[in-house]
1. Per residue Cα convex hull volume for the protein assembly as shown, in cubic angstrom?
2. For chain B, what mean projected area does the convex hull of the alpha carbons give, in nm²?
3. Could you size up the charge dipole of the range A:204-309 around its Cα centre, putting +1 on the beta carbon of Lys and Arg and -1 on that of Asp and Glu, and report it in debye to the nearest 20?
4. Mean residue ellipticity at 222 nm from the helices of chain A, using -39,500 (n - 2.57) per DSSP H segment of n ≥ 4 over the full residue count, to the nearest 500 deg cm²/dmol?
5. Which order do peptides B:149-158, B:371-380 fall in by mean Cβ count within 10 Å, highest first?
6. Cα convex hull of the range B:544-666: how many Å³ per residue?
7. Taking beta carbons within 10 Å but only from partner chains, what does the mean come to for residues B:609-621?
8. As an exercise, find the ratio Rg/Rh for the range B:203-359 from alpha-carbon atoms, using the Kirkwood inverse-distance average for Rh.
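Just so you know, all these numbers are worked out from the coordinates, no wet-lab data involved. For clarity, every value in this text was computed on a predicted model and none was experimentally measured. Glycine gets a Cβ as well: all are built from the backbone with ideal geometry, and neighbour counts include every protein chain shown.
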Amino acid sequence: MTTKPKFAMYWAASCGGCEIAVLNIHEKILDVDANFEVVFWPVAMDAKYKDVEAMEDGSILLTLFNGGIRNDENEHIAKLLRQKSKILVAFGSCANEGCIPGLANFTPIQEIVDTAFSTLTTENPDNIRPQTTYAMPEGEIHIPTLYPILKTLDQVVDVDYYMPGCPPESHQIAAVIDLVIQVLQGKAELPPKGAVIGVGLSTVCDDCKRTRNIKKIKQFGRIQLQHSDPELCLLEQGIPCNGPATRQGCGALCPAAGAQCIGCYGPAEGVIDYGARLVAAFASVVDSNNPDEIDQIMDGLVDPAGQFYRFNLAGSLLKGSLTAIRSISK
Amino acid sequence: MTEKIGVYVCHCGSNIAGVVTVAEVSQWAGEELASEGVVISRDYKFMCSSLGQELIQKDIQEMGLTRVVVAACSPHLHEATFRTACKNAGLNPYLCELVSIREQDSWVHTDKEAATQKAKAIISGGVARVAHHESLEPLRVPIHPDTLVVGGGIAGIQAALEIADAGFHVYLVEKEPSIGGHMAQFDKTFPTLDCSACILTPKMVQVGSHPNITLLTWSEVTKVDGYVGSFAVTINKKARYVNTDTCTGCGICWEKCPKKVRDEVFEVGLGNRKAVYTPFPQAVPKYPVIDAPNCTYFIKGTCKACEKFCPTGAINFEQKDEEITIPVGNIILATGYDLFDAKRIPQYGYGRLENVFTSLEFERLSNAAGPTGGNIVLRDGKTVPKAVAIVHCVGSRDQNYNPYCSSICCMQSLKFAHLVHERTGAEVYNFYIDIRTPSKGYEEFYNRLLEEGTNFVRGKVAEISSVARVPEEQGKLVIQVEDTLIGKQRRIPVDMVILSTGIQARHDAKEVAKMFGISCSADNWYIERHPKLDPIATMTDGIYIAGCVQGPKDIPASVAQGAAAAARVLGKIQQKEISLEPVRATVNQEQCSGCRICNDLCPFNAILFHEETMVSEVNPALCQGCGTCVAGCPAGAISGTGFSNDQILSQINGLLLLRITDQEYA
Ligand SMILES: Cc1cc2nc3c(=O)[nH]c(=O)nc-3n(C[C@H](O)[C@H](O)[C@H](O)COP(=O)(O)OP(=O)(O)OC[C@H]3O[C@@H](n4cnc5c(N)ncnc54)[C@H](O)[C@@H]3O)c2cc1C
Ligand code: SF4
Ligand code: SF4
Ligand code: SF4
Ligand code: SF4
């Protein structure tokens, strides 16, 4: 019936924000509809995994895959969509580098499950834990098995393009969709495989309007604890802004709104480990040669994991803590 | 794999072969690393010998090698040797990688089996890395023939004269009104006891009149831009308030000046000078300066006695500081030292007990041109001491102060003992921990002192006090010491104590080093390129150090360094052009966000920030390729030639011999 190219979108371990960001491109969504046939998009339309399984290999032109790989279901669908798609885009921070769900890579599975099923607000009088298989009169049923740690999409399947952001900015999504449509019409060419798309070449500072000087930091402090100068670079004021290390793309939203960049657009081009880079950069501008004073200054960074690896622990060289990596799901 | 890699494993006699089974390693590399591009692997007794080098060259020419890995000593030692060998065989020298299986392997291990395995890993890393090397060309920059010498002590004077005599121009910058440095303050110099002024002043006069020397005294360097071959140096010439074109140095002005000022610099507080002054009669240049903060005219608005009496009308109260910028190709830093501050050791009483003197004070006291005319007397100016204590190692060789040996204090203490003996006939006690007299004629001088009847007491002085316990100690300074040779506590009463204060880096050494882009040791001495083989060069091309600025030393050593630095500079000038290592950092302008994190990181001041375009840039001639900024840039915008991510990561992978599989994480 239709000859429109096919489009799919999927969420694995993620929050759903990426889906909202796509819908947030306003009237551009009509272009998506005009140019693509949406064949699979659980958040927007009904579809069954078996429908996807039935599709021909490579029959979907473009799949935006958001979310990390936390369990065997995530992995199964990632592999399935890889097989069925010509272009697979790791969409949003979770698919790219793990994002907030990836922060759990510091914690062994058992602890994660225990926490989730025994919080103050959880009513669980029998202290029940989920079972992955359960015998019912009708037969055995399964729920997905958790992996020891969350993996990024490209740690599981081959990825064509990367589109970072938590979530990717709507104007960047619109631009990428525009580009694909232009490619379909023969007016543009696809970027080389493996490229990071919907981003700039530099980092957030490049878009930030705040004035900056040579940096010398005598004290780090949390933003809520101090009055910051609205014109001056936050980092220079000791507020640990991740802008210098974070990929350009958002338009420096957070610093413009008076908050430090927390790094959702991930590492800059060519950077292998975001957190390590940022640690090196912060350490370079600490204004002291006295080891005790340096310790004191660094103590101002109260949550190093959250500061340096909030979005990219799963995609970092570290990937997680050894206890988490070695933990087994029961 | 398109590269053809040759691997050459050195025995280094038994240095490597004694621990590493070299033949096995070489065979392993030939077989196991063939998949990585290794087409030939050889071992040889001494790779650095001409026969060893010829092996490599022959293979390059006959087998068409495109990369070479030499597994031998450290790159510090022989990288240049093997690069040159490759170059001579027609291979770009930067396509050769020297990996260390000596310093990093055979010298630090005893387990032969494990060391042999480690050698394999190191070579595997080198092979993986060298595949990512690029051909590089050295940077060529012209050398400006003029030289800047900073500091007009004996080291700076020597350096300036050597270069000027060779026919090249020198700017000599000295912050005091006259050149001469510390040596000008001494009466006699050890070990020969020749008169300091007699040997120094002729050299000072030569500097003052040399057609190739521009002498800038009462001046300081305020800014250094540029790099080897073409530095641009900004110098602040402080206002002298004396017109040097017309001043004849007749001295009428300081004779007539009514304002006496305690001279804290040259006379170390022991004597006075006038508000218009030259620090000493033989000063070079001969022109005085007006010390504005102490001059009555500048304070009250009236006086001008000097102006009134000056026969040539040379006094000019309107003079202003003047800033000049000069181009030079090379710089020699000879800014000398400071004396250890004896007040830091309160139990020795300096500043509290009147007749405790520092070494420099004693130099002035014993100087025929000094405040007492060379009479060695107590602080009252007349009493000749009957017993004198000389305390060695004050502030030196002491974990609480300076841990190092000041190297000159033993000899200066012996010199003092001799002078006290000769001029006063007093009983002299020298308190020492060890006597260190290692240079030419020094031990002989010590023997002479022993014969002169000096009392040598071996022990560290615990306290110097004026509190008497017995009648003989009344009115005396008492030295409390454990005489370690007889194993007894002793109290020795004397009239005068001379603290042989050690020497330390200048109080402003760190800031000056930063301005010139060189580094200091923990004690703030300037760091030489190599402690043995290159003691006068620094890690910054074109900047040399001479004299005590590099570490404590005597006059002969300071002079030798001054001359050596001059020889190095002359060598550079003769080359007219120099080639710089192409291992440099570069900023990718598109990736740079202008965050300015790197701006203050470079130890060589090579990074500049463009306000208009908001990007940073590395000046390739200043950059030494240290990598500090490369690691510091959070945007990954700076890359270091020879240290790309590919090069480093592949070397790590090679070293690990296997890649960490994802298996481990699943
Ligand atoms: C008490 C005493 C006695 C000694 N007696 C002897 C002896 O008898 N025989 C012997 O061999 N050695 C002796 N020494 C050692 C001797 O003083 C040194 O070896 C020698 O003076 C070192 O010369 P220098 O040129 O390196 O330094 P200095 O003599 O310190 O000269 C440095 C010069 O640089 C100038 N300067 C500093 N900073 C700047 C700047 N930023 N800009 C411009 N100019 C600057 C200073 O004003 C000074 O003129 C003695 C040392 C002491 C302390
Ligand atoms: S506030 Fe943050 S983003 Fe802005 S210049 Fe400073 S570090 Fe960069
Ligand atoms: S400023 Fe940083 S945290 Fe905020 S949106 Fe941009 S990249 Fe994300
Ligand atoms: S640290 Fe990197 S991004 Fe920041 S100014 Fe320097 S080169 Fe540019
Ligand atoms: S690598 Fe960077 S920090 Fe090091 S010398 Fe070069 S510019 Fe300076």
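1. Numbers: hull volume 271.9 nm³, N = 996.
Spread over its residues, the Cα hull of the protein assembly as shown gives 273 Å³ apiece.
2. Numbers: hull surface 156.4 nm².
Averaged projected area of chain B's Cα convex hull equals 39.1 nm².
3. On the way: 9 positive and 13 negative charges, 58 e Å.
Dipole magnitude for the range A:204-309 comes out near 280 debye.
4. Working: 13 runs with 99 residues, N = 330.
Result for chain A, helices only: -8000 deg cm²/dmol.
5. On the way: B:149-158: 29.7, B:371-380: 15.1.
Sorting B:149-158, B:371-380 by mean packing, highest first, produces B:149-158, B:371-380.
6. Values: hull volume 25.1 nm³, N = 123.
About 204 Å³ per residue, rounded to a whole number.
7. If you average over the peptide's residues, the count of other-chain Cβ atoms is 1.
8. Numbers: Rg = 18.9 Å, Rh = 18.3 Å.
Here Rg/Rh amounts to 1.03.
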